[in-house]
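For reference, the structure discussed in these notes is given below.
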Amino acid sequence: MITNVYVDGFNLYYGCLKGTPYKWLDLEALAVRLLPHNRINRIRYYTACIAPREEDPAQHLRQELYLRALAANPVVSIHLGRFQVTTARMRLARPPVTGPKTAEVLKVEEKGSDVNLATHLLADAFRKDCRAAVVISNDADLAEPVRLVCHELRLPVGIVNPHRVHRRSVSLERVSPTFFRQIRPSVLKACQLPEKVMDGQGAICRPESW
């Protein structure tokens, strides 16, 4: 069955990649491992470009290498959102008996990825770009577009949860009647990109800290 895969990049990262040695993930290999009887038509990957931080000034360089390595595969397309940084005053979790009960904090939010994913999922379904779709995310905000594609457009949609079982989205599970699966660490280990990937600019080497 011809299948499109839609990957919520930050949900995937914080769900099962952060703190592991499996960040150099081959998305096509992952899709093939999860869907051995399907033919992968395209993989859409949604993320935003991160900025260097004082405690990790090279993090954006590692992301750039990874995005280049992903883009070297013609099956994968990358769709970028953006980060929005605002200043907000928020209540302290454990305010002191005396003194201020709030603090001014920097609020960093990733914008656009969920909207972009939902838009492409719906547009591809309308165009009949595939016979089935798979969404790799645990974001409950995607429940309504998934429901529309499943029930209104009659396209089967499977959900792959990158988080632990106890953090599975009930909303997504309810609207996707096709299947709901977890990503196991053994699968991530088996689906790594080669240490060196080639593209039109040359060699892309896996970051040493990964």
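Taken together, the values in this text are just the output of simple stated rules run on the coordinates, not laboratory data. All values reported here derive from a predicted model rather than from experimental measurement. Using ideal geometry, Cβ is built from the backbone for each residue, glycine included, and neighbour counts are taken over all protein chains shown.
Quick notes on this structure:
- Here is the list for segment 18-56: trypsin sites (Lys or Arg not before Pro) lying in DSSP coil, each with at most 15 other C-beta atoms within 10 angstrom of its C-beta, are LYS18.
- Net charge of the neighbourhood of LYS101, taken over other residues with C-beta under 13 Å away and scored Lys/Arg +1, Asp/Glu -1, is +2.
- The amide H of ILE204, built 1.01 Å from its N in the peptide plane, has VAL197, MET198, ASP199 as neighbours under 5 Å, considering only residues 5 or more places off or on other chains.
- Take the Cα of ARG174, step 7 Å toward its Cβ, do the same at SER209, and the gap between the two points is 4.1 nm.
- Value in Å of the Kirkwood radius, where segment 24-166 supplies the Cα pairs that are averaged: 18.0 Å
- Averaging 1/r over every pair of different alpha carbons in segment 32-92 and inverting the result gives a Kirkwood radius of 14.5 Å.
- Under Karplus coefficients 6.51, -1.76 and 1.60, residue-wise ³J(HN,Hα) of segment 65-76 in Hz, glycine/proline x: 4, 5, 5, 4, 5, 5, 5, 5, 8, x, 6, 9
- The value of relative contact order for the chain, using C-alpha pairs under 8 Å at least six residues apart, is 26 percent.
- The chain: most fluctuating residue of HIS151, HIS79, HIS37 per GNM, C-alpha cutoff 10 Å: HIS37
- For GLY81, the amide hydrogen comes within under 5 Å of the amide hydrogens of THR47, ALA48, CYS49, counting only partners 5 or more places away or on other chains and with H modelled in the peptide plane.
- Among PRO145, PRO57, PRO96, the residue with the largest mean-square fluctuation in a Gaussian network model of the chain, with springs joining Cα atoms closer than 10 Å, is PRO96.
- Extension gain for THR86 to ARG68 (0.36 nm times residue separation, less C-alpha to C-alpha distance): 3.6 nm.
- Over segment 90-210, the pair-distance histogram of Cα-Cα distances with 5 Å bins from zero comes to 2, 9, 14, 13, 11, 14, 13, 10, 7, 4, 2, 1, 0 percent, rounded to whole numbers.
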